[in-house]
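To keep things clear, I will list the structure first and then write my remarks on it.
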Amino acid sequence: MRHRKTAVKESLRPGVSNVKRITVDRDRTISFMGEEARVYATPRLVSDIEYTCRELILEHADPGEDSVGMEIALKHLAPSLPGMTVEISVRVAEVDRRKITFEISAKDELDAISAGTHTRFIVDVAKTIERLKAKAARRAAQAG
């Protein structure tokens, strides 16, 4: 009988944190208001937060495990200019088996720019790939 893993390592617990510093480069900015209004784009902030949380989980994950995002509640409070350094701080707030909830804050050199929560779910990569292949097969059967 195979033991099904339902929990994460004890090292991944409330209070564990990660800080990442990112320079706002051109690729991280909006362009739709023109050159003079380029600022850190909200979708890029969300992505940077997700990767900061994922990196923390990977430090505690077993081989073959990764994580996927399942919820984000975020306020983008202030603009960050190109060239500014943004500091993203994530802290594990809750561990519910394989569901990890983080408290998030971010600031640039002058202002708090973001606050909120992000939840990720730890997955077995091989099993996830099998589920994705099954979904692709269902799609192909439906289309053809």
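At 1.4 Å probe size, with every protein chain present, just tell me what the per residue accessible area of segment 100-144 comes to in Å².
64
Extension gain for GLU130 to ARG98 (0.36 nm times residue separation, less C-alpha to C-alpha distance): 9.6 nm.
Where does the chain land on Rg/Rh, using Cα atoms and the Kirkwood Rh? Write out the running numbers ahead of the final one.
Numbers: Rg = 18.2 Å, Rh = 16.9 Å.
Ratio value, two decimals: 1.07.
Compared with the dominant principal axis of the Cα atoms in the chain, helix 42-60 is inclined by about 50°.
Here segment 24-44 and segment 50-117 have alpha carbon centers that stand 20 Å from each other.
Using the Karplus relation 6.51 cos²θ - 1.76 cosθ + 1.60 with θ = phi - 60°, the per-residue 3J(HN,Hα) values for segment 87-102 come to 10, 9, 10, 10, 9, 5, 9, 8, 10, 10, 6, 9, 9, 10, 10, 10 Hz, with x marking Gly and Pro. Surface composition of the chain: carbon and sulfur make up 52 percent of the accessible area, probe 1.4 Å. In this structure, the amide hydrogen of SER80, modeled 1.01 Å from its nitrogen in the peptide plane, lies closer than 5 angstrom to those of TYR40, counting only residues at least 5 positions away or on a different chain.
Put a plus charge on the Cβ of each Lys and Arg, a minus charge on the Cβ of each Asp and Glu, and nothing anywhere else: the dipole of the chain about its Cα centre is then about 980 debye. Of all aspartates and glutamates in the structure, those lying under 17 Å Cα to Cα from LYS127, and not within fewer than 8 positions of it along the same chain, are ASP62, GLU65, ASP66.
The values are calculated or read from the model by the stated rules, or taken from the named source; none is laboratory data. Remember, predicted model here, so these are calculated numbers, not experimental data. Backbone-built Cβ (ideal geometry, glycine too); neighbour counts: all protein chains shown. Note: accessible area is taken over every heavy atom of the protein model, side chains too, but ligands, DNA and RNA are not part of it. Shrake-Rupley method; radii C 1.70, N 1.55, O 1.52, S 1.80 Å.
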